[in-house]
1. Can you go through ASP57, ASP39 and tell me which one is crowded, with 24+ Cβ neighbours inside 10 Å and either touching a helix residue (DSSP H, G or I) at 6+ places or on another chain (Cβ under 9 Å) or at pLDDT 80 or above (or both)?
2. Could you list all residues from the stretch 133-165 that are in a loop (DSSP other than H, G, I, E, B) and either among the aliphatic types (A, V, I, L, M) or under 14 Å from the mean Cα position of the chain (by Cα) (or both)?
3. Which of the residues that make up the stretch 112-127 are hydrophobic (A, V, I, L, M, F, W, C), open to solvent by 70 Å² or more (accessible area, probe 1.4 Å) and modelled with pLDDT of 85 or more?
4. Return the pair list, or none, for Cβ contacts closer than 6 Å from residues in the stretch 92-111 that are at pLDDT below 90 to residues that are of a type in the set (A, V, I, L, M, F, W, C) and open to solvent by 20 Å² or more (accessible area, probe 1.4 Å), at least 6 apart or on different chains.
5. Tell me yes or no: at least one residue of the stretch 189-196 is crowded, with 16+ Cβ neighbours inside 10 Å, more than 15 Å from the chain's Cα centre (by Cα) and at pLDDT 80 or above.
6. ALA101 versus (1) under 16 Å from the mean Cα position of the chain (by Cα); (2) open to solvent by less than 50 Å² (accessible area, probe 1.4 Å): which is the lone unmet condition?
Amino acid sequence: FKLQNPNISNMNTAKITVATWVTFKHEQPNEAALFSLGDTQQKSIASNRPVFLVTIDANEKINLKVLNNTILKDKHWKTAANAITASQLHNIIVSYDGTDASNVPLLYVDNHQQTLFTDHVTPAATMNQISNGSYINVGAGNVGGTWGTIKDTVIHEMAMWKEALGSAEFEQIYARGQMPNLTSSNGAHPLDGTTFNSKVTNHLVSWWRM
């Protein structure tokens, strides 16, 4: 399954958060993209690399890559192996402030912050600004020049913000068991009585329920 939106709007930012509820029915045989922003379906990594890429690999690690397509350099963070478990529902949330090359992303799995290890090509590289018209690919993307599509996976829900949300917002999203959405900012079936704070609702730009 792949959802592709070739013309997002209301972005123009170097800050981003992506959250999803997802079940991986089996381990991935190769690295594959869970979420890709900024590339097209072409496989030439030099000219069509994603700006922001979240992947899952065969060791059940979650990888985050941010890329600068002006200088063709990238930065890469990854969790330890077995960050996720096959046949189990997971909430994965990643945020990153790409305005400063020294910033470190925040990555949570099921409301637990993950330790991130670096494998940078260029530590000083910044992320390109996410502009209007950028491609979004959910369930697929350009992974090192190869088109990597998630296998045997159910993506239940996904949302994207034009802001780097923090741990407080991550905890709200997890506790409610559902994303805010563009039709009801409080979510249709919250699991608790709280409401999302304004940072969560005001910066939401895309939301999908599969």
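1. Going through ASP57, ASP39 in turn, the sole match is ASP39.
2. TYR135, GLY139, ILE150, LYS162, GLU163, ALA164, LEU165
3. Selection gives PHE117 alone.
4. From the stretch 92-111, the pairs are ALA101/ALA124.
5. For the stretch 189-196, residues crowded, with 16+ Cβ neighbours inside 10 Å, more than 15 Å from the chain's Cα centre (by Cα) and at pLDDT 80 or above: absent.
6. Condition (1) is where ALA101 drops out.
The values are calculated or read from the model by the stated rules, or taken from the named source; none is laboratory data. Owing to the predicted nature of the structure, the values given are computational and were not obtained by experimental measurement. When we count neighbours, we look across all protein chains shown, and the Cβ atoms used for this are built from the backbone with ideal geometry, even at glycine. Surface accessibility is based on the protein's heavy atoms, side chains included, excluding ligands, DNA and RNA. Shrake-Rupley method; radii C 1.70, N 1.55, O 1.52, S 1.80 Å.
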